[in-house]
Amino acid sequence: MRIAALLPHVQVFGGVRRYIELGNEFVRKGHAFTLFHPAGTRPEWLEFLGETRPFSALDGESFDVAMCGEYSILPYFDRVLAKNKYFYFVLEGHKMEREAARRPYRFLGNSEGICRRMERKYGLKVTRAPGGVNPVIFHPLDRPEPRETFNILCYGRIYKRRKGIPVVIKAVEGLARRLPNLKLVFFDTLVGEDLRDPRPLVKTRVPHDFHLNLPQDKMAWLFGQADVFVTAERRAGWANTAAEAMACGVPVVCTPSGSRDFAEDGQTALVAPFPLVGPVRRRLERLILDAPLRRRLAEAGAARIRDFTWSRLADRLLEAFSADPKN
């Protein structure tokens, strides 16, 4: 099967990782995979086994299946010659969501929550295609480094409001007055046209580190610095960082946004019903004070997230593609 995907770029984003990892699995399973983006260059931050082409080459090839999850490049997606086109919903509430839903595509959704939303709101048939985790990159450390602080890891892209990072900071600040030795650890990668640096935007009296532009072979080390991982996302599709923390054996506090497939409150994570300071702070405090609970959630979370591999997702997609009469 010849499969294509369109992206706006191949920089370090969770959404880009999805297509690179899936493309690698498609190739390993004997299929051809081509990744189109404006420049057509190969991604440099993650191994990619498929082919890359610039948008200028869109009119030169035909495919059995084409995929796209980015609204801004829909006009390019319309140009692709493919028997079937699948729009991949990966983010809730985009201003062009309705426009995409009305197009003559087939549809994928990267979490149970977003699939239910699209089915309920637009009456679409949406194939479940959740995210995955690469266990070669994200795994528990054999020998974690000893430390004197209690480290709370949080994704650091603070200028994206829906990530909820100020909520996490305020939740930790509220606890730091009573609980000693708390430390925040942030991470991010400079991406986008302006390569915006998030570090100056972090304003907190809590001691903190910020790791920037870590290579992929340092991801397990990064998560291994954490006693707890906390996120307060809203409008997420698939909560990449929460899933990756689980794969690294780190107990997680999260919201339901993007995590319904793997975060079960009290079983595999502590789930705050809303991305607000109070609910996040109370669940974080429980984990700080209860070491047995941290161990139990870490073990259960790691076991649960092992169900979400890119290979398994590729198999699910190939089955869906093959079932379509046009392919």
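Quick look at the numbers
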| quantity | calculated |
| --- | --- |
| Most mobile of 195, 153, 91 in a GNM of the chain (Cα contacts under 10 Å) | 195 |
| Ellipticity estimate at 222 nm from DSSP helix runs (n ≥ 4, -39,500 (n - 2.57)) divided over the chain, nearest 500 | -9500 deg cm²/dmol |
| Kirkwood-Stokes translational diffusion coefficient of the range 251-295, alpha-carbon pairs, 10 °C, 1.306 mPa s, µm²/s | 151 µm²/s |
| Local net charge near residue 50, Cβ-Cβ under 15 Å (Lys/Arg +1, Asp/Glu -1) | 0 |
| Choice from 209, 188, 227 showing the highest fluctuation, given a GNM over the chain with Cα pairs closer than 10 Å | 209 |
| Dimensionless Rg over Rh [the range 116-160; C-alpha; Kirkwood] | 1.21 |
| Relative contact order %, the range 120-253, counting alpha carbon pairs below 8 Å whose residues are six or more apart | 35 percent |
| Taking all pairs of distinct alpha-carbon atoms in the range 180-323, Kirkwood radius in angstrom | 16.5 Å |
| Listed candidates [x] 19.8, 74; [y] 20.0, 64; [z] 25.3, 76 - label of the one calculated as Rg and Dmax of the Cα atoms in Å | [y] |
| Neighbourhood net charge (10 Å Cβ-Cβ; Lys/Arg +1, Asp/Glu -1) for residue 125 | 0 |
| Qualifying chymotrypsin sites (Phe, Trp or Tyr not before Pro) in the range 109-160, DSSP loop, other Cβ atoms within 10 Å at most 10 | none |
| Cα-based shape type of the range 152-256, given that a ≥ b ≥ c are square roots of the gyration tensor eigenvalues and the cut on a/c is 1.5 | rounded |
| For residue 4, distant residues with modelled amide H under 5 Å away | 34, 65, 66, 67 |
| Difference of contour (0.36 nm per residue) and Cα-Cα distance, residue 179 to residue 235 | 17.1 nm |
| The range 172-327: relative contact order in percent, alpha carbon pairs under 8 Å with at least 6 residues between | 17 percent |
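Values in this text are rule-based calculations from the coordinates and carry no lab data. From a predicted model like this one, the values you see are computed outputs, not experimental measurements. For neighbour counting, all protein chains shown are included, and Cβ atoms are generated from backbone atoms with ideal geometry for every residue, glycine included.
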